[in-house]
Amino acid sequence: MTLTIDGGALHDSLTTGQKQAFEWLRGRPKQLLIGGKWVDSLSGKTFQTINPATEDTLAEIAEADSADVDRAVKAARQALESPSWSGISPHVRTRYLLKIADLIEEHAEELAMLETLDMGAPVSFTAGRVASAAELFRYYAGWATKIMGTTNPTDAARFVYMLREPMGVCALINAWNVPLVMAATKLAPAMVCGNTAVLKPAEQSPLSTLRLAELIQEAGVPPGVVNVIPGFGATAGAAMAAHLDVDKIAFTGSTAVGRHILQASAGNMKKVTLELGGKSPNIIFPDADLDKAIETAVVAFCRNSGQICSAGTRLFVQESLQDEVTERIVKIASGYKVGSPLAAATQLGPLISEKQMQRVLDYVRSGQEDGATLQLGGARAADVGYFVEPTVFSGVANGMKIAQEEIFGPVLSIIPFKDENDAVLTANDTPYGLAAAVWTRDISRAHRVARALKSGRVWINTYAETDPVMSLGGYKQSGFGREMGAESIEAYTQTKSVLMRL
Ligand code: NAD
């Protein structure tokens with residue numbers, strides 16, 4: 001399959017909102033936001049961000065390193081101690097977050113286009129992610145006035161109560177794959193709880209986060225409350241994780257880097273949350289609504305070209321159904337429109353980088369060497385851009401590398417099972433435990449299996465649906481702590497017990 005990525009011709013059909021993304025790219029230099037000011041990095045270094053669909057350079061970005069991390073942490077500490085943040089009524093924090101949500105919606109097409117250009121996901125996908133980011137700010141806005149302490153029962157001579165207070169300065173480090181949603185998932189609860197933040201987007205896709213930082217300024221949030229410092233992991237990221245004046249670190253990324261973060265944070269006992277990788281099972285029982293289950297299974301491994309932590313990459317199908325389901329999956333996936341992410345009809349854009357593309361193709365080779373049957377795809381889908389075809393393997397044994405390791409590409413392993421017990425045991429047999437799904441019309445089985453799966457999220461008769469109230473996080477090596485929902489409020493606050501003798 002060879003594709004032509006004609007950004008020029010498509011550009012004429014863009015909306016005014018989408019065109020604003022291109023104007024913004026041509027606008028002022030892309031600097032660091034520290035203490036309310038846009039500044040160059042102290043080293044003067046910059047790095048380029050690449051459009052993975054065309055391999056063109058999109059922008060030159062100021063590159064933060066440890067000296068800039070120091071500046072940003074100082075600014076965040078100052079803002080934390082300033083009455084213009086720590087002294088304000090919770091209602092004011094609600095208003096800031098609501099305003100940010102409104103501004104995200106006003107600039108939705110621009111933000112979605114920036115994300116599409118920067119990380120290659122089709123506009124249909126990034127539009128949904130921008131809507132989710134606004135929703136997250138709105139959801140957490142309501143929490144400001146509902147973060148409660150307690151009064152604790154004791155004897156008549158004493159009064160005991162508990163205060164819930166911010167953690168302090170929070171270092172937030174994100175992966176490349178859904179940048180705006182990840183920024184919202186961390187910033188909204190951090191801010192509503194009264195913390196201040198230093199946020200590092202991934203070096204592969206910093207643009208939408210930089211634009212969000214401008215909107216946060218426009219919402220009137222005091223300087224230093226949110227600092228944004230693009231840069232690389234080994235320099236800026238590592239300095240954030242080790243910094244002795246950072247109180248909490250929230251990280252989204254690979255399990256390997258998560259381990260480094262945990263070690264680096266030990267220096268001053270930072271509070272840590274880690275959202276890491278996954279190898280999520282999607283289990284279809286024969287009594288399921290097969291049409292819906294099969295169609296959704298394709299979306300589950302192809303969305304964002306498989307670059308989703310909770311992608312449904314292991315499809316468990318009862319032995320008797322394997323041939324039928326495989327055939328139908330292949331039929332649907334082979335019809336997926338791979339192409340320019342700017343086109344409304346595109347379903348599969350490129351992977352984020354050449355490195356990621358090569359990594360995915362290496363996994364395809366390993367699947368073939370291990371004896372799995374390649375039913376579809378398995379190759380690069382264009383000469384220019386990092387496109388990989390939707391790829392389906394059947395007859396996969398759960399012990400194979402393609403079934404155990406996170407590929408982060410559009411690659412599905414179809415694994416047969418004998419019965420419910422076998423399905424659950426095999427589904428749980430990976431080092432990961434981020435998400436899982438079960439498809440059945442038997443409600444007892446649905447809940448029995450949901451309970452038995454070792455996973456931070458379980459869907460029944462759907463896949464990847466989300467809501468700000470639904471927490472996200474990993475069992476086993478998929479993470480540490482939870483984000484989203486009420487659990488983020490706990491993750492961004494600490495409690496203080498007070499006892500008074502009356
Ligand atoms: P990555 O771990 O390579 O990088 C993530 C971030 O960490 C980047 O900002 C990077 O610059 C930074 N980083 C790298 N080395 C560092 C170090 N030594 N110290 C501090 N920071 C460092 O991950 P990635 O390749 O960008 O993203 C893909 C991974 O993210 C996948 O494993 C995916 O499953 C995971 N992910 C998880 C979730 C979730 O919610 N669980 C969501 C999205 C992505």
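A few remarks follow.
- Region 281-467: equivalent-ellipsoid semi-axes (sqrt of 5 x gyration tensor eigenvalues, Cα, Å): 26, 17, 15
- The charge dipole of the chain, taken about its Cα centre with unit charges on the Cβ atoms of Lys, Arg (+1), Asp and Glu (-1) only, comes to about 1680 debye.
- HN-Hα J in Hz across region 53-61 - Karplus 6.51, -1.76, 1.60, θ = phi - 60°, x for Gly and Pro: 7, 10, 6, 7, 7, 8, 6, 9, 10
- Compared with the dominant principal axis of the Cα atoms in the chain, helix 90-106 is inclined by about 40°.
- Within the straight-line cut-off of under 23 Å between alpha carbons, the lysines reachable from Lys292 are Lys279, Lys331, Lys337, Lys418, sequence neighbours fewer than 8 places apart in one chain being disregarded.
- Distances between placed amide hydrogens fall under 5 Å for Thr313 paired with Ser280, all partners being 5 or more residues away or on another chain.
- Distance from the alpha carbon centroid of region 94-124 to that of region 182-215 works out to 12 angstrom.
- Amide H partners (placed H, <5 Å) of Asn227, local residues excluded: Ala197, Val198, Leu199
- Rg/Rh ratio calculated on Cα atoms of the chain (Kirkwood radius): 0.99
- Legend: calculated FRET efficiency, Asp370 to Asp291, from the Cβ-Cβ distance at R0 = 41 Å, rounded to 0.05, equals 0.85.
- Paired Rg and Dmax values of region 377-502, which use every Cα atom, in angstrom: 19.6, 77
- Estimated at 0.36 nm per residue, the fully extended path between Leu262 and Leu244 surpasses their Cα-Cα distance by 5.1 nm.
- Once both labels are positioned 7 Å from their Cα atoms along Cα-to-Cβ, the gap between Arg448 and Lys19 label points is 6.1 nm.
- FRET E, pair Lys355, Val160, Förster distance 56 Å, beta-carbon r, rounded to 0.05: 0.50
- Neighbour-limited loop hits for GluC sites (Glu not before Pro), region 76-118 (at most 14 other Cβ within 10 Å; DSSP other than H, G, I, E, B): none
- Full extension of the chain segment joining Thr462 with Ala486 gains 6.4 nm, where the gain is 0.36 nm per residue of separation less the Cα-Cα distance.
- Region 281-467, relative contact order [Cα under 8 Å, separation at least 6], %: 27
- FRET E, pair Ser66, Glu106, Förster distance 41 Å, beta-carbon r, rounded to 0.05: 0.70
- Ordering Pro286, Pro390, Ile407 by Cα displacement along the dipole of region 281-467 toward the positive end leaves Ile407 in first place; charges were set at the Cβ atoms of Lys, Arg (+1) and Asp, Glu (-1).
- Helix-derived mean residue ellipticity, 222 nm - over the chain, DSSP H n ≥ 4, -39500 (n - 2.57), to 500: -12000 deg cm²/dmol
- Counting 0.36 nm for each residue step from Ser320 to Val498 and taking away their Cα separation leaves a gain of 57.9 nm.
- The dipole here belongs to region 281-467: it is taken about the Cα centre, uses +1 on the Cβ of Lys and Arg and -1 on the Cβ of Asp and Glu, and is about 380 debye.
The numbers here are math on the coordinates, done by the rules we state, and not lab data. Bear in mind that the values here come from a model prediction, so they are computed numbers and not experimental data. Please note: Cβ atoms are built from the backbone with ideal geometry, for glycine as well, and neighbour counts cover all protein chains shown.
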